[in-house]
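Participant: The structure that follows is given in the form of structure tokens.
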Amino acid sequence: MTEAIPAILEEIRAEMAARTDRGTPADYIPELAAIDPGQFGLSVVLADGSQHSAGDTAIPFSIQSISKVFALAIALGHHGDRLWARVGREPSGLAFNSILQLEHERGIPRNPFINAGAIVVTDAALAGHAPREYLGELLTFIRAAAGDEDVHINADVARSETETGHRNFALAHFMRAHGNLTNAPELALGAYFHQCAIEMTVDQLARAGRFLMGARPRLISADRVRRINALMLTCGHYDGSGDFAFRVGLPGKSGVGGGILVIAPGRASIAVWSPGLNEQGNSKLGTEAVEMLARRLGWSIFG
Ligand code: GLU
């Protein structure tokens, strides 16, 4: 079946190139609003290490919330299961930046992939270090996972995130008021905004995802791999998580830059990028493309 992958990827690329309804790129910062929604890239790394790609596979894009997966791996490395006293493991059913739930739940965010939860995770990952040191650790982790040194932070995106991040500041201050943020909000958010501003190509991102498909070398324990995948399945697409699980049947994490990292456990790490987003803020064509790919290959964690 895997021999068919190059042809399937090419078919999906051609089908996506013909689409006129491509969703709308994120417009909350100029750097993302200016991105051409006509772009599309898809890459698959298999368990045997081979990689197949189609479309715009060498253009770096802003990974945004996909960075939350790598940050979680680092925070769990520092704190282990103690992290779960500060952040939950339930889907939120609300928008990624909702403030509502946080008030009801006394400053403990529902899960590590909504913004509030990711800010807590980054706060924990800082572990008494300066943001610069944490970001160095994060980049080292991602570069090792991808087997590629050429992964960087876009400073303009980080600056724009900081200038427009009023809701994230509100979330961070609220959690600080509840004693669930150890660093000053400016510090935790400085690290968070820079982590969101990491840029990667789909080729790099698919390779970086190998550590979540159970491939060697193991960067984190098999137990943590399973748990991160479980959270990606239940919480990886905000209030579109149920729909993604229903349509694709694989764990995935999306970002407002239009990227999605999808894991077929034991089989493949998949990255897709198309900047236009659907109503839930997830890549419209990216979701459709991985749905097609998973269906064509019979890849689903549900058998
Ligand atoms: N930097 C974005 C924010 O915190 C990330 C959101 C996303 O990718 O979903 O608002």
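Participant: I'd like the full set of residues that are among the hydrophobic types (A, V, I, L, M, F, W, C), without any contact (Cβ under 8 Å) to a residue 40 or more places away in the chain and within 13 Å of the ligand (Cβ to nearest atom), limited to segment 153-192. Break it down stepwise before answering.
Facilitator: Pass one, segment 153-192, residues among the hydrophobic types (A, V, I, L, M, F, W, C): 153, 155, 157-158, 169-172, 174-175, 177, 181, 184, 187-189, 191.
Filter once more, keeping what is without any contact (Cβ under 8 Å) to a residue 40 or more places away in the chain: 158, 169, 184.
Result: Ala158, Phe169.
Participant: If you check every pair at least six apart or on different chains, which have Cβ atoms under 7 Å apart with a residue in segment 21-47 that is of a type in the set (D, E, K, R) first and a residue that is more than 16 Å from the ligand (Cβ to nearest atom) second?
Facilitator: Sorted first by the residue in segment 21-47, then by its partner, the pairs are Arg22/Pro37; Arg22/Leu285.
Participant: Check every one of the helices (runs of 4 or more DSSP H) wholly within segment 1-106 and list those with 1 or more residues that are among the polar types (S, T, N, Q) and either within 16 Å of the ligand (Cβ to nearest atom) or surrounded by 13 or more Cβ atoms within 10 Å (Cβ to Cβ) (or both). Reasoning before the result, please.
Facilitator: On the way: elements: 5-17, 30-33, 67-79, 100-104.
In segment 1-106, 67-79, 100-104 are the helices (runs of 4 or more DSSP H) which contain 1 or more residues that are among the polar types (S, T, N, Q) and either within 16 Å of the ligand (Cβ to nearest atom) or surrounded by 13 or more Cβ atoms within 10 Å (Cβ to Cβ) (or both).
Participant: Something else about it: For segment 168-201, give me each residue that is out of contact with any helix residue (DSSP H, G or I) (no Cβ under 9 Å at 6 or more places or on another chain) and among the β-branched types (Val, Ile, Thr).
Facilitator: Listed by number, the list holds a single entry, Thr201.
Participant: Can you tell me which of (1) at pLDDT 95 or above; (2) basic (Lys, Arg); (3) over 17 Å from the mean Cα position of the chain (by Cα) is the one Lys284 doesn't meet?
Facilitator: (3)
Participant: Can you tell me which of Gly276, Gly259, Gly240 is among the small types (Gly, Ala, Ser), in contact (Cβ under 8 Å) with a residue 12 or more places away in the chain and crowded, with 24+ Cβ neighbours inside 10 Å? If you could, list the steps in order and put the result at the bottom.
Facilitator: Details: Gly276 fails: crowded, with 24+ Cβ neighbours inside 10 Å; Gly240 fails: crowded, with 24+ Cβ neighbours inside 10 Å.
Testing whether each residue is among the small types (Gly, Ala, Ser), in contact (Cβ under 8 Å) with a residue 12 or more places away in the chain and crowded, with 24+ Cβ neighbours inside 10 Å leaves just Gly259.
Participant: State all residues of segment 194-223 that are basic (Lys, Arg) and surrounded by 19 or more Cβ atoms within 10 Å (Cβ to Cβ); if no residue qualifies, say none. Don't jump to the end; show me each part of the working.
Facilitator: Step one: of segment 194-223, the residues basic (Lys, Arg) are 207, 210, 216, 218.
Residues satisfying the conditions are Arg207, Arg210.
Participant: Is it the case, given these coordinates, that Ser92 is at pLDDT below 95 and either within 26 Å of Asp239 (Cβ to Cβ) or touching a strand residue (DSSP E or B) at 6+ places or on another chain (Cβ under 8 Å) (or both)?
Facilitator: Answer is yes for this residue.
The values are calculated or read from the model by the stated rules, or taken from the named source; none is laboratory data. Not measured: the values here are computed from a predicted model. Every residue, glycine among them, receives a Cβ derived from its backbone with ideal geometry; neighbour counts consider all protein chains shown.
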